[in-house]
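Okay, so here's the structure we're looking at.
The values are calculated or read from the model by the stated rules, or taken from the named source; none is laboratory data. Because the structure is a prediction, the values reported are computed rather than measured. Glycine gets a Cβ as well: all are built from the backbone with ideal geometry, and neighbour counts include every protein chain shown.
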Amino acid sequence: MWTLIALLLGFVHIAFSLVYFYLTWYHGYWDKRGLVTAKPLTLLGSYPGLFGGPSNFIGDLGKIYNKYKGKQRAVGTFLTRQPQILVLDPQLAHEVLVTNFSDYRDTVTSSYVAHSKDYDKYVARNPFFSAGDDWKKRRTDGGAGLTPNKLKQAFAIWEQTGEKLLNYVQRYIKERDNNIIETRDLCYRYTAQAMGDFIWGIDVGSLSGGVNEINQFQQFSMEWVSYAFRSITRFNQTPIAPIVRRLFRMRFFTQKSNEFYLKLTRDAAKLRLSGSGAERSDYLAHLLQLQEKGASYDDMVGHALTVLMDGFETSAAVLYHMLYTLGAYQEQQEKLRTEILEALAVNKNISYEQLNALPYLDQCVYESMRMTSVIGFFIKICTRPTTIDLGNDKILQVEPGTTVTIPTYHLQHDETYFPQPEEFKPERFDNVPVSEFTKRGCLLPFGDGPRICLGMRVGLLNVKMAVLRILAEYKIEQTTKLPLSSDSGLGIYLNGDVDLRYIKVQK
Ligand code: HEM
């Protein structure tokens, strides 16, 4: 009996020791290379919040950032057991993203689909999840349908969607006899309508059906995108044992959603090729041009879902955060309304160029994105041997495969670069333009360099058109203060219903 207990205890002891050694094997990695290792360092690495509990990944990043910023250009951390560099100096962020881009060409998300290219075929076609030459080709092919010229030609889609948005708000207030609208839902309706029209040339009806009635496209896209974003959190946790990705056939897009969007793309293409909407210059027209050059239906769906993912989700998130913030900053909202009404007085049907040339609107959008980051950090992969100048004559050798994190949320909330960072102050860009802050590496809502957001113009167009239409007709007010929270996926979000009051503007 005692022998059995002793054997059992011995076995448990060995098992724990093995797990302990496995998890901490690399913990001396940075000390050996002369890079300060960020403390505290736990059994789960530098970011235990990745696995839940009171903290989260962005919160843990913040603790390390605030402890070491200004003292080190970068510190060594561990993403679970994997050695990683955390950038603290914005100029180093600029070097990684722009100046030395070729040394850090890939993004960690490309490693998340390496095992699943056969069955998760559409996510694998998204440049955000691609590496090397594949990334270049997909970016070039997909991006050619998103140039300023293409968007200018498709601008009527946003004009009409803006009208439908206003119409929906009016109907909501009248039918419900209530001017408080849950604005997250409103924004998803708007981006679903705009993206359905732009990508597939269809009227998805998310703004024209019954008030609060969720239609199939919006419902399906919501489930699709929520699953994909939850998967990012799951994948972020897997460096502890990457084998689980293969073992559990982890994926981003479900088989059901793959079939849904394939059918939608085939049907839309068939309709267009039959002559319906032949004059339209939208993303479907671009996809059909790619098809003529040899793209398969799978390639077309891959491009379509790349645009849908951020055109629907990320754009809506930026929009409802901005409306929420404006709801608390009446002075800035009034100033923005004045700019909008003056522009509309000159030209009721404002053009694509005019929309993009409204300076205060631009400043408000960027200031809002600075404050609430829907993508709060980037993780890049070192793709060839390189060095980082750590200062004080210390040079760090960086090995290929090492991951490098840029904590954009924390850079954007650092009072060294943005005095009173928790205040919404679009005027901070009066004297120093947004582009200058981006060049300094401390304002990166769309990233920078060759991997800068591919759909930046679409995102800005989505957000600007909606803000223009809403503010021209309504004054918005916050009704409840909401906390921000993160699920250790990509960003930080408002937690709870975004109930805003819409008060008709007397003109
Ligand atoms: C306002 C809304 C948007 C925001 C805030 C946003 C933000 C970002 C950010 C921060 C990145 C990461 C850059 C990096 O890793 O260095 C990114 C990448 C990307 N975004 Fe967006 N995005 C938005 C809208 C869009 C839209 C509408 C599309 C599609 C048309 C899109 C497509 C992409 C793609 C494909 C990438 C990967 C680019 C690459 O790795 O080459 N985004 N975006």
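Scanning region 431-478 for residues that are more than 19 Å from residue 151 (Cβ to Cβ), in contact with a Gly (Cβ under 7 Å, 6 or more places away or on another chain) and not charged (D, E, K, R) yields 476, 478.
The residue list 408, 372 contains one member that is within 16 Å of the ligand (Cβ to nearest atom), modelled with pLDDT under 95 and not hydrophobic (A, V, I, L, M, F, W, C), which is 372. Would you check if residue 76 is touching a Leu at 6+ places or on another chain (Cβ under 7 Å) and either part of a helix (DSSP H, G or I) or under 29 Å from residue 127 (Cα atoms) (or both)? When the stated conditions are applied, residue 76 passes them. Residues of region 281-299 that are assigned to a helix (DSSP H, G or I) and either within 14 Å of the ligand (Cβ to nearest atom) or among the hydrophobic types (A, V, I, L, M, F, W, C) (or both): 283, 284, 285, 286, 287, 288, 290. Residues that are aromatic (Phe, Trp, Tyr) and either surrounded by fewer than 18 Cβ atoms within 10 Å (Cβ to Cβ) or in contact with a strand residue (DSSP E or B) (Cβ under 7 Å, 6 or more places away or on another chain) (or both) within region 346-380 comprise 377, 378, listed in sequence order. Scanning region 449-458 for residues that are within 7 Å of the ligand (Cβ to nearest atom) and farther than 17 Å from residue 130 by Cα yields a total of 2. Assess whether residue 506 counts as being more than 20 Å from the chain's Cα centre (by Cα), closer than 26 Å to residue 355 by Cβ and away from the ligand (no atom under 16 Å from the Cβ). So residue 506 passes the test. Once region 117-145 is narrowed to residues that are surrounded by fewer than 23 Cβ atoms within 10 Å (Cβ to Cβ) and of a type in the set (A, V, I, L, M, F, W, C), the residue that is nearest to residue 228 (Cα to Cα) is 128. Working only within region 411-441, note down all residues that are within 14 Å of the ligand (Cβ to nearest atom) and in contact with a helix residue (DSSP H, G or I) (Cβ under 6 Å, 6 or more places away or on another chain). If the condition is that a residue be within 14 Å of the ligand (Cβ to nearest atom) and in contact with a helix residue (DSSP H, G or I) (Cβ under 6 Å, 6 or more places away or on another chain), then 411, 412, 434, 441 are the ones that fit.
Exactly one residue out of 162, 145 is over 19 Å from residue 242 (Cα atoms), of a type outside the set (Lys, Arg) and assigned to a loop (DSSP other than H, G, I, E, B), and it is 145.
For residues in region 462-486 being under 16 Å from the mean Cα position of the chain (by Cα) and buried (at least 17 other Cβ atoms within 10 Å of the Cβ), which is farthest from the ligand (Cβ to nearest atom)? Looking at residues that are under 16 Å from the mean Cα position of the chain (by Cα) and buried (at least 17 other Cβ atoms within 10 Å of the Cβ), I get 486. Return yes when residue 150 is within 13 Å of the ligand (Cβ to nearest atom), surrounded by fewer than 18 Cβ atoms within 10 Å (Cβ to Cβ) and over 20 Å from the mean Cα position of the chain (by Cα) and no when it is not. So residue 150 fails the test. Just need a number here: residues in region 179-231 that are hydrophobic (A, V, I, L, M, F, W, C) and in a helix (DSSP H, G or I). Number of matching residues: 15. Looking only at residues in region 300-338 that are more than 14 Å from the ligand (Cβ to nearest atom) and either surrounded by fewer than 19 Cβ atoms within 10 Å (Cβ to Cβ) or small (Gly, Ala, Ser) (or both), the one that is nearest to residue 189 (Cα to Cα) is 327.
Looking at this structure, is residue 250 touching a helix residue (DSSP H, G or I) at 6+ places or on another chain (Cβ under 9 Å), in a loop (DSSP other than H, G, I, E, B), of a type outside the set (Asp, Glu) and surrounded by 15 or more Cβ atoms within 10 Å (Cβ to Cβ)?
In short, yes.
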